[in-house]
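Take a look at the structure below.
The values are calculated or read from the model by the stated rules, or taken from the named source; none is laboratory data. Remember, predicted model here, so these are calculated numbers, not experimental data. As a convention, Cβ positions derive from the backbone with ideal geometry for all residues, glycine included, and neighbour counts pool all protein chains shown. We work out accessible area using only protein heavy atoms, side chains counted, and drop any ligands, DNA or RNA first. Shrake-Rupley method; radii C 1.70, N 1.55, O 1.52, S 1.80 Å.
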Amino acid sequence: NATTANAGEYVVDIHLTTCTVTLFAHFKVNIVSIKEASGLILNQQACAGEPVEFTLDPAEAEVNGAAADADDIVYQWERTATPNDEESWTAIRNADEQNLTYNAAAPGIYYVRRTATIGDCKAISGQSKLTVIPGINVAMTPDEQTRTINDKNPFTLTAGIVTGNPNRTYQWQRSLDKSTWTNITPDGTNETYTETMSHAPTVYYRRIASTGTCQVMSDVITVRFKKRYPAMVNPHLRQR
């Protein structure tokens with residue numbers, strides 16, 4: 001029986017009855033036990049494309065009655081859409097750490113769990129239900145992230161093509177240092193924003209697109225205003 005008391009090294013002599021040869025076998029028996037951690041958040045909701053954090057304490061394992069080295073425990077996170085079908089669980093690629101940051105690209109309902117393995121022994125954590133709702137996707141071009149304004153005329157800012165849930169709202173923000181941001185009201189609530197004045201030689205803008213609990217913030221847009229010099233008459237020339 002695989003009990004801690006039976007761990008150790010064994011030498012087995014096999015005496016054959018049909019001849020005088022004796023076979024020797026040397027065995028080392030390790031008794032391993034492992035228990036997965038509890039405490040996984042049972043229900044989570046996220047927007048499509050939004051990262052979700054799954055955290056669990058380390059699994060508890062023993063080898064021959066002593067605590068196992070943490071480095072000997074191998075983790076693997078798994079997911080499925082049908083949790084009652086044990087064959088449907090598949091490993092999440094590169095998800096072999098104690099905790100998991102998971103990005104669900106498509107809306108739907110998923111289930112996530114972690115397995116912990118040491119030797120040939122395996123433990124399985126509880127399941128977490130993840131509901132992914134339609135989100136927002138934004139694709140910006142490099143030209144949209146930097147603008148140089150050569151005159152004082154109003155200019156319009158765009159922040160990429162928005163796709164996904166059509167029921168969305170917008171909020172543009174402005175900053176002079178990329179640290180403190182201020183909502184632009186009331187005109188900064190459209191998909192694009194038209195600026196009518198210069199607030200500093202360099203001004204930063206960004207746009208927040210929202211739908212329900214989902215938000216996507218654009219990349220920072222840097223707008224530089226070219227310095228304008230007044231016209232001057234050469235002082236060393238005289239009119240006659």
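Which cross-chain or sequence-distant (5 or more) residues have an amide H under 5 Å from the amide H of V52, H modelled 1.01 Å from N in plane?
Y102, N103, A104
What residue among N190, N64, N84 shows peak mean-square fluctuation when the chain is described by a Gaussian network model with Cα springs under 10 Å?
Of N190, N64, N84, the Gaussian network model singles out N84 as fluctuating most.
Name the residues whose placed amide hydrogens come within less than 5 Å of the amide hydrogen of W181, ignoring near sequence neighbours (fewer than 5 apart) on the same chain.
none
So which residue, out of H15, H26, H199, gets the largest mean-square fluctuation from a GNM of the chain using Cα contacts under 10 Å as springs?
H15
In percent, what relative contact order does region 1-83 have, based on Cα pairs under 8 Å that are 6 or more apart in sequence?
Computed over region 1-83, the figure is 25 percent.
Using a 1.4 Å probe and counting only protein heavy atoms, arrange R224, R168, R114 so the residue with the most accessible area comes first.
R224, R168, R114
Compute a Gaussian network model of the chain, connecting alpha carbons closer than 10 Å, and tell me which residue from K226, K122, K28 fluctuates the most.
Looking only at K226, K122, K28, the biggest GNM fluctuation is shown by K28.
Among (i) 1.34; (ii) 1.03; (iii) 1.82, only one was calculated for this model; which label is it, if the read-out is Cα Rg over 2.2 N^0.38 Å?
Answer by label: (iii).
Just give me a number: lysine pairs in the chain, eight or more positions apart or cross-chain, with C-alpha atoms less than 23 Å apart.
Lysine pairs meeting the criterion: 8.
Kindly write out, for region 174-179 in residue order, the coupling ³J(HN,Hα) from the Karplus curve 6.51 cos²θ - 1.76 cosθ + 1.60 (θ = phi - 60°), rounded to whole Hz, with x marking Gly and Pro.
10, 8, 9, 9, 6, 10
Between region 82-130 and region 4-19, what's the alpha-carbon centroid distance in Å?
41
As a test question: what accessible area, to the nearest 10 Å², does D219 have when a 1.4 Å probe is rolled over all protein chains in place?
80
Quick check: at a probe of 1.4 Å, how many percent of the accessible area of the chain sits on carbon and sulfur atoms?
Answer for the chain: carbon and sulfur cover 49 percent of the accessible area.
Take N153 and N6, extend 7 Å from each Cα along the Cα→Cβ direction, and tell me the distance between the two endpoints in nm.
It is 8.8 nm.
Helix-only mean residue ellipticity at 222 nm, the chain, DSSP H runs n ≥ 4 weighted -39,500 (n - 2.57), per residue, nearest 500. What is it?
0 deg cm²/dmol
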